[in-house]
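Q: Once you've had a glance at the structure underneath, I'll fire off some questions.
Readers should treat all values here as calculations from the given coordinates under stated rules, not as data from a laboratory. Predicted, not measured: the structure shown is a model, and the values here were computed from it. Cβ placement follows ideal geometry from the backbone for every residue including glycine, while neighbour counts extend to all protein chains displayed.
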Amino acid sequence: MNQSAVYDETLFSILKECKTLPNFLNIVFGFLKRRTDFYCLATDINSGVGLPEGWAEYFVKQEFFRWKSNDVDTSETVPTLEKPLSHSPANENTSSFTTSESYNGATYDNYTWSQTINDVNIVLKLPKHVSSKDLQVTILTQKIIVKMKKSNTNLLEGDLCQKIKHNDAIWSLDNHKLDIHLDKASEIWWDCLVTSEPKLDLSKLDCSRPFEELTEEAQAKIEELTWNQERKRMGLLTSEQLQLQQKLNQGLNAEGCPFKGIDPKTVIIN
């Protein structure tokens, strides 16, 4: 069974109660607000609580494009190219891209890219009044080309750092920007988007993995920490304190114990 479908029945029952998609999404994001640190801003990129500014929006957008099935271009024809585009680093004062759009990637004058261990997202600035009909987007296993049809001008072109699943590529237009989502063919961190770019220092990337990709042991540990955090918030005993209380109860009820009969709940456990 597809892992993403495991919770279909539960989610569908919630959707029926909500009656509309906006209400359903309100419930989902309300849960994230109340029970997680999704909306908390991290004070540092290595902070264990919250997310850096813009990352929450990035993750939501990433999942939206992951499940979108329209606007896929799988053309296998590579048009004749002019000279390759230059990759000049963007001026931080003039860049119109957000921090989340270059998460684990880089920003240049007309585009930015980000990555996780499994996928890559590209955001490309477009001239005003440009529609999808004006663009030719060619995405191959290890090559990408974005050009204007009428002027034959390349907006982005080059050999990709590593291979991708080109048939799963998705692109769409939003607010004068072209968003492109690529699934990596293998789990590997990229040190550039296209090979003509300057190389990134991979040691400085955030190499954390999504929860669902962690081992069962790691997931169980995180769930235990989350449960304990919620218990503390409610003024209740944590899992470790409950175990201590159980051992204390066994000791107080043991034969010959001078404290037999004392209610273990009256004992303060730090």
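Q: Between Asp134 and Cys207, what FRET efficiency comes out of the Förster formula 1/(1 + (r/R0)^6) with R0 = 45 Å and r the beta carbon distance, rounded to 0.05?
A: Efficiency computed from Cβ-Cβ geometry: 0.75.
Q: A further question follows. Which of Lys184/Lys232; Lys177/Lys199; Lys68/Lys150 have a Cα-Cα distance over 32 Å?
A: Lys184/Lys232
Q: Provide the three semi-axes, in whole Å and in decreasing order, of the ellipsoid equivalent to the range 148-198 as defined by the square roots of 5 times the Cα gyration tensor eigenvalues.
A: 22, 15, 10
Q: For Asp201, Asp168, Asp179, what ranking results if the residue with the fewest other Cβ atoms within 10 Å of its Cβ goes first?
A: In order of increasing Cβ crowding within 10 Å: Asp201, Asp168, Asp179.
Q: Hey, what D do you get for the range 95-150 in µm²/s if you plug the Kirkwood alpha-carbon radius into Stokes-Einstein at 4 °C and 1.567 mPa s?
A: Working: Rh = 12.6 Å.
Roughly 103 µm²/s, to the nearest whole number.
Q: Could you pull out the trypsin sites (Lys or Arg not before Pro) across the range 127-159 that fall in loop regions by DSSP (anything but H, G, I, E, B) with no more than 16 other Cβ atoms inside 10 Å? Write out the running numbers ahead of the final one.
A: Details: sites: Lys128, Lys133, Lys143, Lys147, Lys149, Lys150; in loops: Lys128, Lys149, Lys150.
Passing both the DSSP loop test and the Cβ count: Lys128, Lys149, Lys150.
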